[in-house]
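Take a look at the structure below.
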Amino acid sequence: MQPILDVRKAHPGGVHFTYSVSAVVVPEQGSPGELFDSVERCLYDAGLALQHYFDGVQIRYEGIALGTYAVSRLVNDPLGLFDDLLQRLIATFRMRTRGYVTTPRALGLGTVSMAVPSTGTPAVERVDS
């Protein structure tokens, strides 16, 4: 069994964080447990609680899976681990939004047309191959 560490903001728009450790993914908890002033403090505290029982832990942020990491890293390098998690979170959001099309029509702008000034010469059709 590998535990799942889920770090969350204690309240939407808040500045405090909390975490839960479980054996399975659980829905968002109703009331936060202990409050921490940073994600790094959550990682460190969870690492202290898990270090004697587990070698690895799956880490999630707000329910988004970010990978499996050594529990010792939570205790010995919480700031470096947070940096890695942040990079992975950014990459996850980029991958999720990469599939969206950003054409004018997809943005709800309708048809886009361009006015081309007349030069008095016949139009030449351009064919790209």
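Suppose R0 equals 22 Å. What FRET efficiency, 1/(1 + (r/R0)^6) with r the Cβ-Cβ distance, do Ser22 and His52 give to the nearest 0.05?
According to the calculation, E is roughly 0.80.
Once you list every other residue whose beta carbon is under 13 Å from the beta carbon of Asp83, what net charge do they have if Lys and Arg are +1 and Asp and Glu are -1?
-1
Between Lys9 and Thr92, what is the FRET efficiency for a Förster distance of 22 Å, r being their Cβ-Cβ separation, to the nearest 0.05?
0.80
Every read-out reported here was derived from the displayed coordinates using simple, explicitly stated rules and does not represent laboratory data. Keep in mind that this is a model prediction, so the values were computed, not measured. Cβ: placed from backbone, ideal geometry, glycine included. Neighbour counts: every protein chain shown.
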